[in-house]
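The values are calculated or read from the model by the stated rules, or taken from the named source; none is laboratory data. These numbers come from a predicted model, not from an experiment. Glycine gets a Cβ as well: all are built from the backbone with ideal geometry, and neighbour counts include every protein chain shown.
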Amino acid sequence: MLDAYTMKFDGHLLRRGFWLYIWRITGTASDHVYVGRTGDSSSPHASSPFKRIGQHLDPSPNAKGNALGKQLRRAGVVCEDCVFEMIAVGPIFEEQETFEQHKPYRDKTADLERAVADWLRGRGYKVLGTHPPAGSPDQGMLKQVVDHIEKKFPPMESAALATAERPAD
(Lines give C-alpha, C1' and ligand atoms only; values in the text may rest on other atoms or scores of the structure.)
Protein backbone atom coordinates (compact mmCIF):
# COMPACT_ATOMS: atom_id res chain seq x y z
CA MET A 1 0.00 0.00 0.00
CA LEU A 2 1.39 3.42 -0.95
CA ASP A 3 1.40 6.31 1.49
CA ALA A 4 1.10 10.01 0.64
CA TYR A 5 2.51 12.98 2.54
CA THR A 6 2.26 16.72 2.16
CA MET A 7 4.63 19.63 2.48
CA LYS A 8 3.67 23.27 2.37
CA PHE A 9 6.05 26.22 2.63
CA ASP A 10 6.13 29.95 2.16
CA GLY A 11 8.15 31.06 -0.87
CA HIS A 12 9.88 33.69 1.28
CA LEU A 13 11.95 30.80 2.68
CA LEU A 14 13.80 30.71 -0.66
CA ARG A 15 15.35 34.14 -0.02
CA ARG A 16 19.09 34.15 0.68
CA GLY A 17 20.52 36.07 3.62
CA PHE A 18 21.24 35.71 7.32
CA TRP A 19 18.37 33.85 8.98
CA LEU A 20 17.78 32.12 12.29
CA TYR A 21 15.77 28.93 12.25
CA ILE A 22 14.37 26.81 15.02
CA TRP A 23 13.30 23.20 14.45
CA ARG A 24 10.94 21.27 16.70
CA ILE A 25 11.41 17.55 16.17
CA THR A 26 8.80 15.26 17.71
CA GLY A 27 8.29 11.54 17.54
CA THR A 28 8.05 8.48 19.73
CA ALA A 29 11.72 8.86 20.74
CA SER A 30 12.07 12.60 20.27
CA ASP A 31 11.02 15.94 21.61
CA HIS A 32 14.02 18.01 20.64
CA VAL A 33 14.73 21.51 19.41
CA TYR A 34 17.52 22.63 17.12
CA VAL A 35 18.60 26.24 16.61
CA GLY A 36 20.64 27.16 13.57
CA ARG A 37 21.50 30.01 11.27
CA THR A 38 22.39 30.68 7.69
CA GLY A 39 25.64 32.45 6.97
CA ASP A 40 28.66 30.16 6.75
CA SER A 41 31.76 30.51 8.88
CA SER A 42 34.00 29.42 6.00
CA SER A 43 32.61 31.32 3.02
CA PRO A 44 30.85 34.58 2.15
CA HIS A 45 27.57 32.82 1.42
CA ALA A 46 24.32 33.09 3.34
CA SER A 47 21.84 30.63 1.88
CA SER A 48 18.12 30.31 2.33
CA PRO A 49 16.47 28.35 5.16
CA PHE A 50 14.84 26.17 2.52
CA LYS A 51 18.24 25.04 1.24
CA ARG A 52 19.31 24.19 4.80
CA ILE A 53 16.36 21.80 5.24
CA GLY A 54 17.75 19.24 2.81
CA GLN A 55 21.34 19.74 3.90
CA HIS A 56 20.53 19.22 7.58
CA LEU A 57 18.81 15.89 7.02
CA ASP A 58 20.95 14.46 4.21
CA PRO A 59 21.85 10.90 5.34
CA SER A 60 24.44 10.23 2.61
CA PRO A 61 27.97 9.38 3.79
CA ASN A 62 29.50 12.35 1.94
CA ALA A 63 26.96 14.87 3.23
CA LYS A 64 28.20 18.20 4.51
CA GLY A 65 26.17 20.54 6.68
CA ASN A 66 23.98 17.76 8.10
CA ALA A 67 24.45 18.69 11.76
CA LEU A 68 20.80 18.18 12.71
CA GLY A 69 20.66 14.66 11.28
CA LYS A 70 23.90 13.71 13.04
CA GLN A 71 22.67 15.12 16.37
CA LEU A 72 19.39 13.24 16.10
CA ARG A 73 21.10 9.95 15.24
CA ARG A 74 23.47 10.45 18.21
CA ALA A 75 20.39 10.87 20.41
CA GLY A 76 19.00 7.57 19.08
CA VAL A 77 16.28 9.22 17.00
CA VAL A 78 15.16 7.79 13.66
CA CYS A 79 14.51 10.85 11.49
CA GLU A 80 11.97 9.04 9.32
CA ASP A 81 9.78 8.48 12.40
CA CYS A 82 9.60 12.17 13.34
CA VAL A 83 7.60 15.25 12.50
CA PHE A 84 9.69 18.33 11.76
CA GLU A 85 8.48 21.87 12.13
CA MET A 86 10.73 24.83 11.38
CA ILE A 87 10.26 28.49 12.16
CA ALA A 88 12.62 30.74 10.23
CA VAL A 89 13.10 34.38 11.17
CA GLY A 90 14.64 36.72 8.65
CA PRO A 91 16.39 37.55 6.68
CA ILE A 92 17.93 39.43 9.57
CA PHE A 93 20.69 40.75 7.30
CA GLU A 94 21.19 40.62 3.55
CA GLU A 95 23.84 38.37 2.00
CA GLN A 96 27.12 40.25 1.56
CA GLU A 97 29.40 40.39 -1.47
CA THR A 98 32.75 39.68 0.19
CA PHE A 99 33.90 37.53 3.09
CA GLU A 100 35.20 40.60 4.95
CA GLN A 101 31.73 42.19 4.71
CA HIS A 102 30.14 38.85 5.61
CA LYS A 103 31.99 38.23 8.91
CA PRO A 104 30.42 40.94 11.13
CA TYR A 105 26.89 39.91 10.08
CA ARG A 106 27.75 36.23 10.55
CA ASP A 107 28.98 37.01 14.06
CA LYS A 108 25.90 39.09 14.96
CA THR A 109 23.66 36.27 13.74
CA ALA A 110 25.71 33.73 15.72
CA ASP A 111 25.22 35.82 18.89
CA LEU A 112 21.47 35.71 18.30
CA GLU A 113 21.61 31.95 17.62
CA ARG A 114 23.28 31.32 20.98
CA ALA A 115 20.87 33.61 22.84
CA VAL A 116 17.83 31.86 21.32
CA ALA A 117 19.25 28.41 22.18
CA ASP A 118 19.84 29.57 25.78
CA TRP A 119 16.33 31.09 25.93
CA LEU A 120 14.80 27.78 24.81
CA ARG A 121 16.87 25.80 27.32
CA GLY A 122 15.60 28.19 30.00
CA ARG A 123 12.07 27.27 28.99
CA GLY A 124 12.83 23.58 29.51
CA TYR A 125 13.51 22.41 25.94
CA LYS A 126 16.14 19.84 24.98
CA VAL A 127 18.22 21.84 22.52
CA LEU A 128 20.51 19.75 20.34
CA GLY A 129 23.93 20.80 19.19
CA THR A 130 26.57 23.28 20.11
CA HIS A 131 26.36 26.99 19.63
CA PRO A 132 28.95 29.73 19.45
CA PRO A 133 30.27 31.09 22.75
CA ALA A 134 27.96 33.58 24.39
CA GLY A 135 28.33 36.99 22.80
CA SER A 136 26.38 40.17 23.13
CA PRO A 137 23.34 39.84 20.89
CA ASP A 138 21.48 42.93 19.81
CA GLN A 139 18.70 43.02 22.41
CA GLY A 140 16.20 44.66 20.06
CA MET A 141 16.71 41.95 17.45
CA LEU A 142 16.62 39.23 20.10
CA LYS A 143 13.28 40.56 21.34
CA GLN A 144 11.91 40.48 17.78
CA VAL A 145 13.03 36.86 17.32
CA VAL A 146 11.54 35.81 20.66
CA ASP A 147 8.30 37.61 19.81
CA HIS A 148 8.05 35.43 16.68
CA ILE A 149 8.73 32.12 18.41
CA GLU A 150 7.42 32.32 21.96
CA LYS A 151 3.88 31.11 21.14
CA LYS A 152 5.30 27.99 19.47
CA PHE A 153 7.63 27.37 22.41
CA PRO A 154 5.72 27.94 25.65
CA PRO A 155 7.56 27.07 28.85
CA MET A 156 7.71 23.32 29.41
CA GLU A 157 5.92 22.20 32.57
CA SER A 158 9.16 21.60 34.50
CA ALA A 159 10.52 25.05 33.57
CA ALA A 160 7.23 26.70 34.51
CA LEU A 161 7.31 24.95 37.90
CA ALA A 162 10.91 25.98 38.51
CA THR A 163 10.04 29.59 37.70
CA ALA A 164 6.98 29.48 39.95
CA GLU A 165 9.02 28.03 42.84
CA ARG A 166 11.68 30.77 42.74
CA PRO A 167 11.58 33.11 45.70
CA ALA A 168 10.73 36.73 44.98
CA ASP A 169 13.66 39.16 44.88
**Fill in**
Output for Cβ contacts, cut-off 7 Å, separation at least six or different chains, first residue without any contact (Cβ under 8 Å) to a residue 40 or more places away in the chain in region 1-26, second in a helix (DSSP H, G or I) and not β-branched (Val, Ile, Thr), reads Leu14/Phe50
**Message:** For region 54-81, which positions are crowded, with 19+ Cβ neighbours inside 10 Å, in contact (Cβ under 8 Å) with a residue 40 or more places away in the chain and either over 22 Å from Ser43 (Cβ atoms) or out of contact with any strand residue (DSSP E or B) (no Cβ under 6 Å at 6 or more places or on another chain) (or both)?
**Reply:** Leu72, Val77
**Complete:** Going through region 1-28 in order, the residues found to be loosely packed, with under 14 Cβ neighbours inside 10 Å, touching a helix residue (DSSP H, G or I) at 6+ places or on another chain (Cβ under 7 Å), of a type in the set (A, V, I, L, M, F, W, C) and not in a helix (DSSP H, G or I) are Phe9
**Asked** Does Leu112 satisfy the criteria of being surrounded by 13 or more Cβ atoms within 10 Å (Cβ to Cβ) and in contact (Cβ under 8 Å) with a residue 40 or more places away in the chain?
**Response** yes
**Prompt:** All but one of (1) out of contact with any helix residue (DSSP H, G or I) (no Cβ under 6 Å at 6 or more places or on another chain); (2) farther than 26 Å from His12 by Cα; (3) surrounded by fewer than 19 Cβ atoms within 10 Å (Cβ to Cβ) hold for Asp107; which doesn't?
**Reply:** (2)
**Prompt:** Can you find even one residue in region 52-66 that is of a type in the set (Gly, Ala, Ser), at positive phi, over 13 Å from the mean Cα position of the chain (by Cα) and modelled with pLDDT under 90?
**Reply:** yes
